[in-house]
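For reference, the structure is listed below as structure tokens.
We did not get these values from a lab; they are worked out from the coordinates using the rules stated. Keep in mind it's a predicted model, so treat the numbers as computed, not measured. Ideal geometry is used to build each Cβ from the backbone, glycine not excepted, and the neighbour counts take in all protein chains shown.
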Amino acid sequence: MANTKGNVYPFWGIANDFSVFAVDTDGILHPKSPPGFAFNIGIAEDGTVWALSNLADPDGGGAEIFWTDGSDQWNEITSSAPGGIRLTGGKDANCLYICADRVLRTMGTDGVAQVMYYDKPIHDVDYGGGKLWAILPAVVGETLTLHRAEYAAEPHFDRFSTSIHHPKGLSVNHAGDCYGIDERTAHYYAWDGRTGTAGAGAHGKTINISFKNHNYILTTHANVSGNEVYEWRAIDGGRYVDAGFRAQKILATYHRAED
């Protein structure tokens, strides 16, 4: 993925006033929306940034969906497609989103939405590296567990491991490996079956994680400006350190470091 559109920035976030902002490689914050705009954001592979706004979609399903090419100009989806309650970036320029009926759909910037999965109710999903990871029950009505699938028009989800139950805040990196939060600690769930904690400095104080080409966590350290954001750095064997800004929602991008 090239550093185009939203991938120009390593990080996007939503502030406590529900405004969207981006952070550049010098750590400078760039406002990307007015206050009160959005409660959820995601980034597609090509850098298209998607948002669930604080407006109810007139066609039902959840909130109205917007997208941007990385600027502060947002394009509203005005098609008859339903809105969403959860959203993430998908393949190419598309997004993936879950409606109130817990059906998984994909949508392009043209507003055309297609149902991807409806066999079992999906509660969380993320995409990266051609892989989908999701939280859903193996059997309808039973416990929610971690599942994975190859990206496809009609994906087939398999349970990842009988010992892994319901991590929160899924994030899938560029290689297709999944990250999530269990007991306020960041964990990884590799496609090849390996599992483990996702780095020192985050144990017991992590409430969200976002990892594409860069790895950020949202911590429990909060004030009126939001929660502290930490980023993973290859120091002392690899650890999370304070990134110097706060948010209520975090979004790592596919930004590539210059050679």
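Structure summary
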quantity: Note, ³J(HN,Hα) from phi for segment 8-16, Karplus 6.51, -1.76, 1.60, rounded to Hz, x at Gly and Pro; calculated: 4, 9, x, 9, 10, x, 10, 7, 4
quantity: Globularity index of segment 185-229, i.e. its alpha-carbon radius of gyration over 2.2 N^0.38 Å; calculated: 1.27
quantity: Cα-based convex hull volume of segment 1-143 per residue, rounded to whole Å³; calculated: 116 Å³
quantity: Highest average packing first - 161-171, 43-53, Cβ atoms within 10 Å; calculated: 43-53, 161-171
quantity: Contact order relative to length of segment 5-176, as percent, for alpha carbon pairs under 8 angstrom and 6 or more apart; calculated: 13 percent
quantity: Centre separation in Å (Cα based) which lies between segment 1-27 and segment 212-248; calculated: 14 Å
quantity: Projected label distance in nm at VAL112 and SER80, using a 7 Å step from Cα toward the beta-carbon; calculated: 1.6 nm
quantity: Extension gain (nm, one decimal) between ASP59 and ILE28, 0.36 nm per residue minus Cα-Cα; calculated: 7.4 nm
quantity: Nonlocal amide H pairs with ARG86, under 5 Å, H built at 1.01 Å; calculated: ILE98
quantity: Percentage of interatomic Cα-Cα distances in the chain larger than 29 Å; calculated: 24 percent
quantity: Most to least packed among 114-122, 211-219 [average Cβ atoms within 10 Å]; calculated: 211-219, 114-122
quantity: Bins of 10 Å, starting at 0 and running to the largest distance - Cα pair percent for segment 47-102; calculated: 27, 56, 16, 0
quantity: Amide proton proximity set for MET116, modelled H, under 5 Å, gap of 5+; calculated: LEU104, ARG105, THR106
quantity: Among the listed pairs LYS120/LYS168; LYS131/LYS212; LYS5/LYS168; LYS5/LYS91; LYS91/LYS205, those beyond 20 Å (Cα-Cα); calculated: LYS5/LYS168; LYS91/LYS205
quantity: Distance-filtered residues of segment 227-257 - backbone nitrogen under 19 Å, label point 7 angstrom along THR4 Cα→Cβ; calculated: 253-257
quantity: Volume in Å³ per residue [convex hull over Cα atoms, computed for segment 154-259]; calculated: 137 Å³
